[in-house]
Amino acid sequence: MTIRRLMAVLLLLFTSACGESSAPASRSTDPGWYRDAVLYEVWVRSYADSDGDGIGDLRGLRERLDYIASLGVGAIWLSPFYPTPYFDSGYDVADYVDVDPHYGTLADYDALVAAAHARGLRVFNDLVLNHTSSEHPWFVESRSSRDNPRRDWYVWADAPLYACPNADPKAFGTERWTLDAATGQLYYHQFYPQQPDLNYWNPVVRDTMLDQVRFWLDRGADGFRVDAIATLFEEAASTAPGGKEICTDHPLTHEYLKRLRGVLDGYPDKAMLAEAWDTRYFGNGSDEFHMSMNATITVGLQTGLSYNRPSVTLQAYLSALQKTPNGGQLAPWLSNHDFGRVMNLVNGDERRAAVAAVLLLTLPGTPIVYYGDEVGMTHGTGVVVDYRDRARTPMAWTADPGTGFTTGTPWLPPSPDPGGANVAAQDGIPGSLLTLYRQVIALRNRVGILGTGTLTVLTSPYPANTGLAGFVRSQGDRRVLVLVNAGEAAADVAWNLSGVVTRPASCPVANFTPPPLAPDTAAAWRPPLPAYGYVICEW
Ligand code: BGC
């Protein structure tokens with residue numbers, strides 16, 4: 001056992017002895033734990049501020065772990081909390097092996113992990129491999145002279161080697177090369193100029209970044225959400241096979257990701273989640289990522305919701321599942337720190353947000369819930385860094401001006417909350433969005449088949465252009481049936497479930513009263529689905 005691990009164990013014993021949590025450690029030791037789990041993304045700067053400086057911190061987050069555990073989620077994904085000048089909200093890392101003083105110390109991280117583990121929760125760090133901050137000492141050295149030993153840690157050239165446009169010029173601008181006046185060369189940055197790309201063609205860089213990973217695994221991190229992996233390697237047209245520049249998904253990226261996976265596999269029960277647009281980063285299903293955020297299914301989910309056509313969502317899932325190798329796990333999400341909040345997507349209509357939650361939490365994969373979505377938080381209007389701050393506002397704990405997030409002045413103005421989009425207003429209230437999230441996640445945890453069970457889409461009785469959708473999830477002899485009506489009109493139609501329902505079912509989650517569902521009623525089951533109705537049954 002390393003000294004760090006020993007210290008983590010001692011800290012765990014200490015925090016339990018102090019009564020920090022009397023909950024027994026219930027983390028399973030199953031390496032496939034993540035397949036049936038729900039992940040919860042937390043924007044650390046906005047979750048809970050323990051010292052009144054208006055900035056969320058790790059201690060504040062630790063004090064809110066009982067709430068997170070009460071949601072039933074299995075792991076927390078922390079936004080980057082490393083030392084940073086905050087030009088890209090922490091995705092500009094100035095030191096990979098420390099905690100930014102705004103967020104606390106390494107001891108606070110250790111205490112957070114120990115307290116999370118004591119509650120059966122796992123902790124994922126955000127791992128930013130592609131680039132560092134321009135204030136990272138590596139880059140400061142690299143730019144200091146053309147012959148500095150770290151010059152080759154970054155990508156320097158006399159003229160641009162490739163164009164490689166960024167997918168979000170609204171945030172990152174259109175210039176990918178910036179002149180360093182002192183040394184008269186340009187450096188490459190896929191994102192902000194304050195985020196120079198590391199040079200992955202340099203083997204020392206490749207090895208060094210894996211050391212940063214080991215540092216956190218040794219400290220008890222349970223895994224990583226890995227940022228911007230598609231752009232680790234670029235190659236100029238002059239050398240690339242086919243004579244066309246390569247900007248994303250270079251074959252060497254996969255080689256490197258396999259090494260990264262090898263590092264995680266050296267520890268028990270670790271997992272990593274790719275920030276990716278498709279199903280490309282699973283390798284053979286067990287040698288690259290465990291999970292992929294897979295924006296294509298999210299687009300399917302969001303399109304289905306925007307147009308009240310959940311059948312579009314189901315088609316997107318079926319096609320993503322077809323392309324996913326055995327062992328690869330989709331990780332759908334509705335909102336995140338880049339793409340905004342689902343509540344805005346559905347025009348602030350809580351009924352539609354509820355349908356969205358039901359779909360997110362019952363379709364295949366490991367769903368990611370973005371903090372505050374569970375109470376229907378909406379976009380804010382303040383901007384500190386860029387337009388994406390709209391979805392990074394302080395967590396809505398209460399309706400107070402500081403939203404229960406801080407006793408000071410919040411670093412970013414909170415989102416408007418005209419009517420109960422906060423935890424205090426919804427906690428324990430039947431029919432609230434928060435209660436629905438808890439109910440569906442509890443059902444997931446109990447039946448244990450929603451992560452990986454087969455998805456069968458029901459194709460009758462509804463006409464193709466209604467807002468209805470139905471599907472069955474199955475594994476072994478367990479079944480879960482989900483029906484939603486994402487439309488404005490009630491849908492009181494008969495569903496033919498004969499042969500599907502093999503024993504009496506219970507329907508613990510619904511926003512209306514469904515009739516009994518059993519083999520003898522299954523051939524023409526007629527649940528009176530209201531507008532934006534949903535029902536989840538199991539047997
Ligand atoms: C993160 C963004 C970040 C970018 C550069 C992403 O994909 O999610 O928030 O700006 O990587 O690190």
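The values are calculated or read from the model by the stated rules, or taken from the named source; none is laboratory data. Remember, predicted model here, so these are calculated numbers, not experimental data. Positions of Cβ are backbone-derived with ideal geometry, glycine not excepted, and every protein chain shown enters the neighbour counts.
Residues in region 324-357 that are assigned to a helix (DSSP H, G or I) and either among the charged types (D, E, K, R) or more than 21 Å from the chain's Cα centre (by Cα) (or both): 350, 351, 352.
Only one of the numbered conditions (1) within 18 Å of residue 48 (Cα to Cα); (2) within 16 Å of the ligand (Cβ to nearest atom); (3) within 17 Å of the chain's Cα centre (by Cα) is not met by residue 395, and that is (2). Residue 304 meets the conditions (1) buried (at least 22 other Cβ atoms within 10 Å of the Cβ); (2) over 30 Å from residue 157 (Cα atoms); (3) at pLDDT 95 or above in every case but one. The failed one is (3).
Within region 180-230, the residues that satisfy the criterion of being acidic (Asp, Glu), away from the ligand (no atom under 16 Å from the Cβ) and within 30 Å of residue 332 (Cα to Cα) are 211, 218, 222.
Search region 81-139 for residues being away from the ligand (no atom under 16 Å from the Cβ) and on the phi > 0 side of the Ramachandran plot, and hand back the single one that is farthest from the chain's Cα centre (by Cα). My answer is 104.
From the list 23, 37, the lone residue that is at pLDDT 95 or above, farther than 21 Å from residue 414 by Cα and of a type outside the set (Lys, Arg) is 37. Do we find that residue 319 is buried (at least 24 other Cβ atoms within 10 Å of the Cβ) and either within 16 Å of the ligand (Cβ to nearest atom) or more than 20 Å from the chain's Cα centre (by Cα) (or both) in this structure? No.
Taking the criterion of being touching a helix residue (DSSP H, G or I) at 6+ places or on another chain (Cβ under 6 Å) and either free of Cβ contacts under 8 Å to residues at least 40 places away in the same chain or buried (at least 24 other Cβ atoms within 10 Å of the Cβ) (or both), the residues of region 347-356 that qualify are 353, 356. Quick check on region 304-314. Is at least one of its residues in contact (Cβ under 8 Å) with a residue 12 or more places away in the chain, over 16 Å from residue 227 (Cα atoms), touching a helix residue (DSSP H, G or I) at 6+ places or on another chain (Cβ under 6 Å) and β-branched (Val, Ile, Thr)? Scanning region 304-314, I find at least one residue that is in contact (Cβ under 8 Å) with a residue 12 or more places away in the chain, over 16 Å from residue 227 (Cα atoms), touching a helix residue (DSSP H, G or I) at 6+ places or on another chain (Cβ under 6 Å) and β-branched (Val, Ile, Thr), so the answer is yes. Residue 471 satisfies every condition listed in (1) in contact with a Leu (Cβ under 7 Å, 6 or more places away or on another chain); (2) within 24 Å of residue 375 (Cβ to Cβ) except (2). Checking each residue of region 158-177 against the condition of being in a strand (DSSP E or B) and either touching a residue at least 24 places away in the same chain (Cβ under 8 Å) or within 16 Å of the ligand (Cβ to nearest atom) (or both) gives no match.
The condition (being over 25 Å from the mean Cα position of the chain (by Cα) and assigned to a loop (DSSP other than H, G, I, E, B)) is satisfied by just one residue among 208, 183: 183. None of 407, 398, 403 is at positive phi, of a type in the set (S, T, N, Q) and touching a residue at least 12 places away in the same chain (Cβ under 8 Å) except 403.
Looking at this structure, is residue 93 outside any helix (DSSP H, G or I), over 30 Å from residue 189 (Cβ atoms), β-branched (Val, Ile, Thr) and at pLDDT 95 or above? No; evaluated as a whole, the condition is false for this residue. In this entry, residue 68 passes the filter for residues that are away from the ligand (no atom under 16 Å from the Cβ), assigned to a helix (DSSP H, G or I), in contact (Cβ under 8 Å) with a residue 24 or more places away in the chain and within 20 Å of the chain's Cα centre (by Cα). From 343, 291, which residue is in contact (Cβ under 8 Å) with a residue 40 or more places away in the chain, crowded, with 23+ Cβ neighbours inside 10 Å and within 16 Å of the ligand (Cβ to nearest atom)? After ruling out the rest, the residue left standing is 291.
Can you tell me which residue in region 268-288 is surrounded by the most Cβ atoms within 10 Å (Cβ to Cβ), limited to those that are acidic (Asp, Glu) and farther than 14 Å from residue 127 by Cα? Applying the filter and picking the extreme gives 288.
Look at region 263-275: where a residue is closer than 18 Å to residue 207 by Cβ and away from the ligand (no atom under 16 Å from the Cβ) and a partner is of a type in the set (Lys, Arg) and assigned to a loop (DSSP other than H, G, I, E, B), sitting 6+ places away or on another chain with Cβ atoms under 8 Å, you get 264/270.
Residue count for region 367-395, restricted to those that are at negative phi, in contact with a Leu (Cβ under 6 Å, 6 or more places away or on another chain) and part of a loop (DSSP other than H, G, I, E, B): 4.
The set of residues in region 231-252 that are of a type in the set (Ser, Thr, Tyr), in contact with a Cys (Cβ under 8 Å, 6 or more places away or on another chain) and away from the ligand (no atom under 16 Å from the Cβ) is empty.
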